[in-house]
Amino acid sequence: MKTPEKFHMSSEQQPQFSKGIDLLHNPALNKGTAFSEKERELLGLKGLLPPRISTIEDQEIRILENYRKQSNDLEKYVYLMSLQDRNEVLFYYLLMNHIEEMMPIVYTPTVGKACQEYGHIFRRPRGIFISIENRDEVADILRNWPDKDIRIIVVTDGERILGLGDLGANGMGIPVGKLNLYTACAGIPPSMCLPVTLDVGTDNGKLLKDPLYIGSHHRRIRGNEYDELLDEFMEAVSEVFPKAVIQFEDFGNANAYRLLQKYKDKYCTFNDDIQGTAAVSLAGLLSSLRITGGKLSDQKVLFLGAGTAGIGIGDLIVRALVKDGFAEDQARKRCWFFDSKGLLNSDRKDIQVHQRIFAHHHLPIGSFKDAVKSIRPTAIIGVSGQPGLFTKDVIQTMAEINERPIIFALSNPTSRSECTAEQTYKWSDGRAIFASGSPFEEVQFEENTFHPGQGNNAYIFPGVGLGLIVSGAERVADNVFYVAAKKMAELVSDEDLERGAIFPSITDIRGVSFEIGTSVMESVNGLSENLPSEISEKISSFMYEPQYMELLI
Ligand code: NAD
């Protein structure tokens, strides 16, 4: 029998990280059964692992087998999160190789369920929790985070989680999920990502009564105290992580707009619900026009929902029209809004400043179907968080007015969608161009198979973040989202359009993020600073690949 080779390590070769069982418990370095014989001997792992050495491909087969055996999506979520807690490289390897299958688990719709159940499925903390009680110690708390070169923070206060309302500190599932996508879709190294939840209480009575709820058991604190915490947080981030981009996510509508206006010229920050959603929707609209043959300036868009997402999309459509040479007030008249109180018209006294620019002269209308009949839109966009409001009548009316009606039902999760893909194709005789917020299966209608597009912000924010980080942007200009939307629409192929898909395939998402990152960097730095080839090179060399690191060099 061959005597196994003995390995020796000089003092300079001694690793700077923990060895033995502690190494197996370090998710950033753990390779599980893939540790080599040499590593096992020199890093005190002998006997702590089964003898057979696996490749990452072997590990992928094992994980997939177990993952697919889980009996429901929430269990799949828990399984994947536990994998991330044990072996980060393997987690991202799986997520990137199976993005279409796993994105609906780590993100919408399953993440919504996970947030609702967070206290009950909780295993191990991830990210930073900052409570309102932590006033004056936010910077110290941020310094507790082990990684020091943070480049992207996703922060929520949990007030409007997807379309599910106030989930308080349980909202942590959202920053965690979004950052998973930053790494999987745009290659932002996991050590540069930080999820943050600001726990200011919750007005969700069910959670307040739940002894397993993970947040502070009091009602939501608002007003000055809330604002002071937010100010302290933004200042503390710029002190502790000066290179970080801060993405606001799932804040309630009363705060989302206000905070964006307050911070966007002072910090490197954006709000994904407003600006990311706007970019993906504009991209969808521009691709739809390649099918209908219309121009953006000929469109009339009627929104169901005049909240964070809806007004953000309206603003970006206006920006795009102004770029095309339209006067701003004319451009605004292409966008109409209908909310829980009816049509937004100039007589309404109950609307906020940022909504007012879209409140046009019109008689009051209380039913959405009547609004469709009166406004005669070419596109309707659902961002109400209320399911089923695109009724058969509404869709049939759209199909009477338009040869190819554009219908986007963007509310998340799937249970909140304004209509399903199947209903839309059926009720419009297969003529509608459809996109949803959460994924729908392909639909067979008469002789045709339709591939509904998912207006998923994941097409936009990872690439935008990538471009901002690599370019070293100090602020996030509104133009960045226009650039991202235009680029994304260009990436939709004619074959995609023929299949009825107005977005690129989700399996191409890394390429999409790369292209968006490149365009964003060009718009931030200007081509005078870098040649296009240099920008591409900088972006691609920055992007993380899930490969095991050689621990013995
Ligand atoms: P929000 O709370 O800011 O706004 C909701 C709007 O819907 C409000 O204007 C409200 O008046 C209106 N509304 C509520 N009930 C209504 C009814 N019965 N009839 C007409 N209008 C009604 O929420 P938001 O941030 O704008 O998000 C709304 C939805 O959009 C959520 O479900 C969210 O998940 C979804 N969304 C999807 C994407 C995406 O797919 N890319 C991105 C962002 C938000």
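Each value in this text was obtained by applying a stated rule to the coordinates, not by laboratory testing. In this text, all values refer to a predicted model and were calculated from it rather than measured experimentally. Please note: Cβ atoms are built from the backbone with ideal geometry, for glycine as well, and neighbour counts cover all protein chains shown.
Points to keep in mind about this one:
- Rounded to the nearest 0.05, the FRET efficiency derived from the C-beta distance between LYS333 and GLU403 at R0 = 25 Å is 0.65.
- The dipole here belongs to the stretch 32-132: it is taken about the Cα centre, uses +1 on the Cβ of Lys and Arg and -1 on the Cβ of Asp and Glu, and is about 340 debye.
- Reciprocal of mean inverse Cα separation for the stretch 265-341 (Kirkwood radius, Å): 13.1 Å
- With a cut-off of 20 Å on the backbone N, the residues of the stretch 133-168 near the modelled label site 7 Å out from LYS243 along Cα-Cβ are 142-155.
- Rounded tilt (10° steps) of 308-323 against the dominant C-alpha axis of the chain: 70 degrees
- Kirkwood hydrodynamic radius over Cα pairs of the chain, then Stokes diffusion coefficient at 4 °C and 1.567 mPa s, in µm²/s: 53 µm²/s
- The stretch 414-553: C-alpha gyration tensor shape, a/c 1.5 cut-off, then a/b vs b/c: prolate
- Look at the dipole of the stretch 62-142 built from charges on Cβ: of ALA139, GLN116, LEU83, the Cα furthest out on the positive end belongs to LEU83.
- Whole-Å distance, taken between Cα centres, linking the stretch 221-251 and the stretch 445-476: 25 Å
- When you restrict to C-alpha pairs under 8 Å that are six or more residues apart and normalise by the size of the chain, the relative contact order lands at 13 percent.
- Dipole of the stretch 413-494 computed with +1 at Lys/Arg Cβ and -1 at Asp/Glu Cβ about the Cα centre; of ALA435, ASN457, SER415, farthest Cα towards the positive end is ASN457.
- In plain terms, if you count all Cα to Cα distances in the stretch 90-200 and split them into 10 Å steps from zero, the share in each step is 14, 44, 35, 7, 0 percent.
- Computed from Cα positions, the angle between helix 479-490 and the longest principal axis of the chain comes to roughly 90 degrees.
- Helix 224-240 and the long axis of the chain differ in direction by around 50°, with both axes built from C-alpha atoms.
- Extension gain, GLU490 to GLN70, is 147.4 nm, computed as 0.36 nm per intervening residue step minus the present C-alpha separation.
- A Cβ-based charge dipole, computed about the Cα centre of the chain with Lys and Arg at +1 and Asp and Glu at -1, lands at about 700 debye.
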